[in-house]
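Each remark here refers to the structure printed beneath this line.
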Amino acid sequence: MTRNDTGPTEAALGADPAHPVLRPGSPERAGLLAHELEALVADASAFLGPSPVHPAHPGAVLLAGRGGTVALHRAIGRAVRYRAYDERTGAGVEFPPDRQIDTAEDTLYDLASVSKLFTSLLAVQQIERGALELEGAVASYVPEFGAAGKQDVTVRQCLTHTSGFRATLPLYLEPTPGAMLRRLWEEEPVHPPGTGYLYSDLNMIALQQVLERVTGRHLDDLLAAGITAPLGMRRTRYNPPASWKPGIAATEDARPPWSGLDRGLVWGEVHDENAYRLGGVAGHAGVFSGAWDLAVLARTLLNGGTYAGARILRAESVKLLFTDFNAAFPGHAHGLGFELDQRWYMGGMAAPGTAGHTGFTGTSVVIDPVTDSFLVVLSNSVHPVRDWRSGSAPRAAAGDRMARAVR
C-alpha cells in the first residue's frame, strides 16, 4: 500500500516559490543527488540484518526532500514481524508469515518523543496569543507545580530542558492520572532551575497541564485544532482508532523486567508507560504519524509557519524554534522544543541552524533551513524488545547520506 493522499499540488494552489507545498518529484528537481539517496536506502536496509544476534530494526519508512519536492519516499522491511520476545533465548518469536505485515509508505508509527515537538508548537501558539509568557513561571498557570522548589521554573526552561527536572519518573506506578500529577508536583529539581541542561519527559508533561489550564481544552483537541486540521495532517493524532491498527507499526512485547508494565505486544497503542497511564494523550509522547504528514510539518516550518494557505505560527515565532537558548550549556543547543546541531542522530546534516528531534521507538525528524531540506526516518526499533535498539546509528547514517545528497 502506498500513499495517494499527498495534499494539494502547487498547480492547484497557485505556485508560490517562497511557500511551496509538497509533491513527489525527482532528485534532480529537488537539487539532490540520486545516487546518495539510493545509498541512504541501502544503508537503512543493511540495518535490517543479517546480524549475529538481531536486526537493528525490522522495518522503516524513509522520506527526504528539498524545497517543495519529496525526492525519496521509501518503505523497507516489516511493520509487524514479531508476536513476542523470548527472554530465555534472547530471540524474537515471529508471527506466521501470513500474519506479518510489510512496511508501506503510509505506515503509521508511534512517534514517542517526537511528540514533544507538537506540544512545543502548541505552547508557542499560546505565547503568540498572549495566553502564555515565555519567561512566565509555570506555577503562575498551575499553582500546584510550584511545590518542592519549582516556583521559579519558567515556560522557557521547560521548553529547553533547563528546568532542573530529572529525566523521568515511573509515574505509571501511581493508581490514577491524578495521583501521577500529584507525584510530579511533589518532585524536587535535581539542580537549581536554569543552571544546567537535563533532557526530561517531565518538562512536557508539565507543559501539557499548562496548555490545558490556559485554554480549557484537552491536548488532543489542541493538536487537532491548532496543527493537524489546518495543515491537512489527517494521519496524525493521539489514540488512533482500532480500524487503523493494520496500518500501524507494532512496537514492544512489553513485560517486566524490561518494561514497567505488563501489556504484551503493544500495537496501535502508545508504547511509553507514562503516556499510556495518562490515557494515551501526553505532552511528551503519544502522537502517531506517518512520514508524509511529518514532511508537511517540516515544510510548514521551512515556509515560516505557513502551508497551503494555512498559517499555524508567525515567521518570528518559527525563528525561536531554531534559535539556541542554551548557549550557556555547550553541546546542548536547543530552540523552543527543537534540538539543534546534534550530530549523534543528524549525522552530516548537523549544523548550528539544523533542528530536529528523535523518539525512543526509532523515529526522527531533521530540518535544515540553510539548504531548505528535510529528512524523516521512522522505524520501530523496539520491536520486539527495547534492548534490541542500536541507538541512533541508523538515523545518523541517513543524515550523513542526506548531507552528501545536497548539491
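The values are calculated or read from the model by the stated rules, or taken from the named source; none is laboratory data. None of these values were measured; they are calculated from a predicted model. Every residue, glycine as well, gets a Cβ built from its backbone with ideal geometry; the counts of neighbours run over all protein chains shown. Accessible surface areas use protein heavy atoms only, side chains included; no ligands, DNA or RNA. Shrake-Rupley method; radii C 1.70, N 1.55, O 1.52, S 1.80 Å.
Summary table
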{"read-out": "Condition met for HIS284 (in contact with a His (Cβ under 7 Å, 6 or more places away or on another chain) and either open to solvent by 10 Å² or more (accessible area, probe 1.4 Å) or of a type outside the set (Val, Ile, Thr) (or both))", "value": "no"}
{"read-out": "Selection from region 349-380 of residues that are under 21 Å from GLY260 (Cβ atoms), part of a loop (DSSP other than H, G, I, E, B) and open to solvent by 10 Å² or more (accessible area, probe 1.4 Å)", "value": "PHE360"}
{"read-out": "Single condition HIS161 does not satisfy, out of (1) assigned to a helix (DSSP H, G or I); (2) surrounded by 24 or more Cβ atoms within 10 Å (Cβ to Cβ)", "value": "(1)"}
{"read-out": "Residue among GLY391, GLY337 that is part of a loop (DSSP other than H, G, I, E, B) and closer than 23 Å to ARG299 by Cβ", "value": "GLY337"}
{"read-out": "Filter pass, ARG66 being at pLDDT 95 or above and of a type in the set (D, E, K, R)", "value": "yes"}
{"read-out": "Scope region 21-48; condition under 13 Å from PRO394 (Cβ atoms), among the aliphatic types (A, V, I, L, M) and outside any loop (DSSP other than H, G, I, E, B); matching residues", "value": "LEU40, VAL41, ALA42, ALA44, ALA46"}
{"read-out": "Residue in region 212-230 that is buried (at least 21 other Cβ atoms within 10 Å of the Cβ) and among the acidic types (Asp, Glu) present", "value": "no"}
{"read-out": "Sole exception among (1) of a type outside the set (A, V, I, L, M, F, W, C); (2) open to solvent by 10 Å² or more (accessible area, probe 1.4 Å); (3) not in a helix (DSSP H, G or I) for LYS150, by number", "value": "(2)"}
{"read-out": "For GLN100: the one exception among (1) in contact with a Lys or Arg (Cβ under 7 Å, 6 or more places away or on another chain); (2) under 21 Å from ASN274 (Cα atoms)", "value": "(2)"}
{"read-out": "Test: residue in region 229-240 that is under 30 Å from ALA333 (Cβ atoms), out of contact with any strand residue (DSSP E or B) (no Cβ under 8 Å at 6 or more places or on another chain) and either at pLDDT below 95 or part of a helix (DSSP H, G or I) (or both)", "value": "no"}
{"read-out": "Of residues in region 397-407 being open to solvent by 20 Å² or more (accessible area, probe 1.4 Å) and assigned to a helix (DSSP H, G or I), the one nearest to LYS319 (Cα to Cα)", "value": "ALA403"}
{"read-out": "Members of region 381-396 found to be within 28 Å of PHE329 (Cα to Cα) and crowded, with 24+ Cβ neighbours inside 10 Å, listed by number", "value": "PRO394, ARG395"}
{"read-out": "Hits in region 309-328 - residues which are open to solvent by 40 Å² or more (accessible area, probe 1.4 Å) and closer than 26 Å to ARG23 by Cα", "value": "GLY309, ARG311, ARG314, ALA315, LYS319"}
{"read-out": "Index of the failed condition, LEU169 passing every other in (1) in a helix (DSSP H, G or I); (2) under 18 Å from HIS271 (Cα atoms)", "value": "(1)"}
{"read-out": "Residue within region 186-202 that is surrounded by fewer than 22 Cβ atoms within 10 Å (Cβ to Cβ), farther than 30 Å from ARG263 by Cβ and of a type in the set (Phe, Trp, Tyr) present", "value": "yes"}
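One line per residue, one yes/no per condition, for (1) aromatic (Phe, Trp, Tyr); (2) in contact with a Leu (Cβ under 7 Å, 6 or more places away or on another chain); (3) open to solvent by 20 Å² or more (accessible area, probe 1.4 Å); (4) in contact (Cβ under 8 Å) with a residue 60 or more places away in the chain:
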{"site": "HIS35", "(1), (2), (3), (4)": "no, no, yes, no"}
{"site": "GLY49", "(1), (2), (3), (4)": "no, no, yes, no"}
{"site": "HIS73", "(1), (2), (3), (4)": "no, yes, yes, yes"}
{"site": "ILE76", "(1), (2), (3), (4)": "no, yes, no, no"}
{"site": "ARG81", "(1), (2), (3), (4)": "no, no, yes, yes"}
{"site": "GLY90", "(1), (2), (3), (4)": "no, no, yes, no"}
{"site": "VAL93", "(1), (2), (3), (4)": "no, no, yes, yes"}
{"site": "ASP98", "(1), (2), (3), (4)": "no, no, yes, no"}
{"site": "THR107", "(1), (2), (3), (4)": "no, no, no, yes"}
